[in-house]
Amino acid sequence: MNVDLGKVDKLIDKYRDEEAAYIPLLQDINSEFRYLPRDALKRVSQKMEVPLSHLFRLATFYKSFSLVPRGEHEIQVCMGTACHVRGAPRVLNKITQQFQIYPGETTADQKFTVETVNCVGACALGPLVVFDGKYFGHLNLSRTDKLLEGYHEENKKSS
Amino acid sequence: MVRINIDSKEVEANGESTLLELARKNGIEIPTLCHHQAVTPYGACRLCLVEIKKEDETKLVASCTYPVREDGITVLTQSPKVNRVRKMILEFLLARCPEVEIIQEMSAEMGIKQSRFILYDNDDCILCGLCARVCEEIIGKSAVSFTDRGPDRKVSTPFNEPSEECVGCTACAFVCPTGAIKVEEWDEIRFIEKWNTEIPLQKCAKCDMLYTPANTPGYILSKMQLPENLLRLCEKCRRKSVAESLSNYDVTSKNVIIKK
């Protein structure tokens, strides 16, 4: 995959004078590319004169960093106890079948990433799905369908 | 001057910075796995726990990282509390690494025949990070470091791929307390299994013996000012060539001046 290293350089310049600003820098790179490209990490290592192993340590430690490309839209399916007993596995099945991926994976067109999370703290709304940061509660199969369709429709319109 | 009572022995600190150092200097043995005098202490293995008493307070601390600062504290290295906790830690370690000799020995010493815990994916590595510390602080390469977290935590190379930085010095294998880093050599190659890294070996320019990983001499030369040709020979040939070059001089003559 080709990565625009010019963009990486610009971000590096932003943090050039700050000591040990690796985490904010990696965060910026992560939100620019929606993951941490390997070439970008190597570039940071060279330019900031920090061992690549240290960057890899940070990148694998924090959950908010990803080493594989993530989709434009993020879908988090709550699998906490309350959601689980109210049918979260069925909702998850529906979503993963629709996109033909396993939880934790991204669709081939780089549009959707589906993950499971363990409780988002809104148990009264279960079963619950967080779609791009927005909470959708009291889901059943048909409402899940509608939710996904809605996003598909929107995508069709915009493209 | 800080005066401390360790196991009812009055000791004075003379520049020692940690409790462990001070105890060892005074002949009091504290078991450790992750400590090495050459690198910064990290406090990973927790075997060096000791009990500290100050007035009425008592607490458990890792002696390898606990600074010698307060005057008049009492340290117990073998108290019932310390022994109980140390035994527990050893049981955890034994469950993780049942095949590691030093952990077996330490456990036997503490009277543990078998760990109460069973772990199915055993690993010889205890995650003390000594290898990473040596690679960073002594070698200056940082070829490996901790990656991931929680139960997935391990020491590895960037992207878990053969290392580009590794010079094949195997200092990591040398300091590893459990022997988890295995090094093999065959067909002009040195292979470090844990890092999945192969380093070609170099032949001595004189006697053709394989004597060093190919990229090590260059790295040493970049760090130290040494005559360039010196590291192209194996240890024996190096000694021989120095002796031969000396034979050109009349070393018994008083006129020989050794340049400094």
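Quickly run through the stretch A:33-59 and pick out the residues that are away from chain B (no Cβ under 12 Å) and either under 23 Å from residue B:150 (Cα atoms) or of a type in the set (Phe, Trp, Tyr) (or both).
A:33, A:35
Can you pull out the residues in the stretch B:41-80 that are out of contact with any strand residue (DSSP E or B) (no Cβ under 8 Å at 6 or more places or on another chain) and under 26 Å from residue B:133 (Cα atoms)?
Of everything in the stretch B:41-80, those that are out of contact with any strand residue (DSSP E or B) (no Cβ under 8 Å at 6 or more places or on another chain) and under 26 Å from residue B:133 (Cα atoms) turn out to be B:42, B:44, B:45, B:47, B:69.
If the requirement is being under 19 Å from residue B:9 (Cβ atoms), open to solvent by 90 Å² or more (accessible area, probe 1.4 Å) and at pLDDT below 95, which of these qualifies: B:56, B:71, B:121?
Numbers: B:56 fails: under 19 Å from residue B:9 (Cβ atoms); B:121 fails: under 19 Å from residue B:9 (Cβ atoms).
Matching residue, one of B:56, B:71, B:121: B:71.
Mind checking which residues of the stretch A:62-87 are among the aliphatic types (A, V, I, L, M), within 20 Å of the chain's Cα centre (by Cα) and more than 16 Å from residue A:37 (Cβ to Cβ)? Give the derivation first.
Just the residues of the stretch A:62-87 that are among the aliphatic types (A, V, I, L, M), to begin with: A:67-68, A:75, A:77, A:79, A:82, A:85.
Subset that is within 20 Å of the chain's Cα centre (by Cα): A:67-68, A:75, A:77, A:79.
Across the stretch A:62-87, the qualifying residues are A:75, A:77, A:79.
Out of the residues in the stretch A:90-142 that are touching a helix residue (DSSP H, G or I) at 6+ places or on another chain (Cβ under 8 Å) and of a type in the set (Val, Ile, Thr), state the one that is surrounded by the most Cβ atoms within 10 Å (Cβ to Cβ).
A:129
Going by the conditions given, is residue B:167 open to solvent by less than 50 Å² (accessible area, probe 1.4 Å), assigned to a helix (DSSP H, G or I), in the same structural domain as residue B:208 (by TED's automatic domain parsing) and not polar (S, T, N, Q)? Reasoning before the result, please.
Numbers: open to solvent by less than 50 Å² (accessible area, probe 1.4 Å): yes; assigned to a helix (DSSP H, G or I): no; in the same structural domain as residue B:208 (by TED's automatic domain parsing): yes; not polar (S, T, N, Q): yes.
Considered against the rule, which asks whether it is open to solvent by less than 50 Å² (accessible area, probe 1.4 Å), assigned to a helix (DSSP H, G or I), in the same structural domain as residue B:208 (by TED's automatic domain parsing) and not polar (S, T, N, Q), residue B:167 comes out as no.
Check the stretch A:75-98 and report whether any residue there is within 14 Å of another protein chain (Cβ to nearest Cβ), touching a residue at least 24 places away in the same chain (Cβ under 8 Å) and either of a type in the set (A, V, I, L, M) or within 30 Å of residue B:155 (Cα to Cα) (or both).
No, the stretch A:75-98 has no match at all.
Does the stretch A:8-27 contain at least one residue that is within 14 Å of chain B (Cβ to nearest Cβ) and over 15 Å from the mean Cα position of the chain (by Cα)?
Checked against the condition, which is being within 14 Å of chain B (Cβ to nearest Cβ) and over 15 Å from the mean Cα position of the chain (by Cα), the stretch A:8-27 yields at least one hit.
Based on what the data block shows, is residue B:179 within 14 Å of chain A (Cβ to nearest Cβ) and within 14 Å of the chain's Cα centre (by Cα)?
No: the conditions fail for residue B:179.
Output the qualifying pairs, or none if there are none: Cβ atoms under 6 angstrom, residues six or more apart or on different chains, first residue in the stretch A:112-141 and in the same structural domain as residue A:86 (by TED's automatic domain parsing) and under 16 Å from residue A:90 (Cα atoms), second residue of a type in the set (Phe, Trp, Tyr) and open to solvent by 20 Å² or more (accessible area, probe 1.4 Å).
Pairs found: A:129/A:136.
If residue A:2 satisfies all but one of (1) of a type outside the set (D, E, K, R); (2) under 26 Å from residue B:149 (Cβ atoms); (3) open to solvent by 40 Å² or more (accessible area, probe 1.4 Å), what's the number of the condition it fails?
The single condition residue A:2 does not satisfy is (2).
Tell me whether the stretch B:31-48 contains one or more residues that are out of contact with any helix residue (DSSP H, G or I) (no Cβ under 7 Å at 6 or more places or on another chain) and charged (D, E, K, R).
No: the stretch B:31-48 contains no residue that is out of contact with any helix residue (DSSP H, G or I) (no Cβ under 7 Å at 6 or more places or on another chain) and charged (D, E, K, R).
Only one of these conditions is not met by residue B:164: (1) without any contact (Cβ under 8 Å) to a residue 40 or more places away in the chain; (2) away from chain A (no Cβ under 14 Å); (3) over 30 Å from residue B:80 (Cβ atoms). Which number is it?
For residue B:164, the exception is condition (2).
Go through (1) part of a loop (DSSP other than H, G, I, E, B); (2) more than 14 Å from chain A (Cβ to nearest Cβ); (3) under 26 Å from residue A:44 (Cα atoms) one by one and return the number of the condition residue B:198 breaks.
Only one criterion in (1) part of a loop (DSSP other than H, G, I, E, B); (2) more than 14 Å from chain A (Cβ to nearest Cβ); (3) under 26 Å from residue A:44 (Cα atoms) is unmet by residue B:198, namely (1).
If you go through the stretch B:12-49 one residue at a time, how many are assigned to a strand (DSSP E or B) and modelled with pLDDT under 95?
Total satisfying the criteria: 2.
Out of the residues in the stretch B:184-215 meeting the condition of being surrounded by 17 or more Cβ atoms within 10 Å (Cβ to Cβ) and of a type in the set (Val, Ile, Thr), tell me which one is nearest to the chain's Cα centre (by Cα).
Here the answer is B:192.
The values are calculated or read from the model by the stated rules, or taken from the named source; none is laboratory data. Since this is a predicted model, take the numbers as computed values, not measurements. Neighbour counts are summed over all protein chains in view; Cβ atoms, including those assigned to glycine, are modelled from backbone coordinates with ideal geometry. Ligands, DNA and RNA are excluded from the accessible area calculation, which covers all protein heavy atoms including side chains. Shrake-Rupley method; radii C 1.70, N 1.55, O 1.52, S 1.80 Å.
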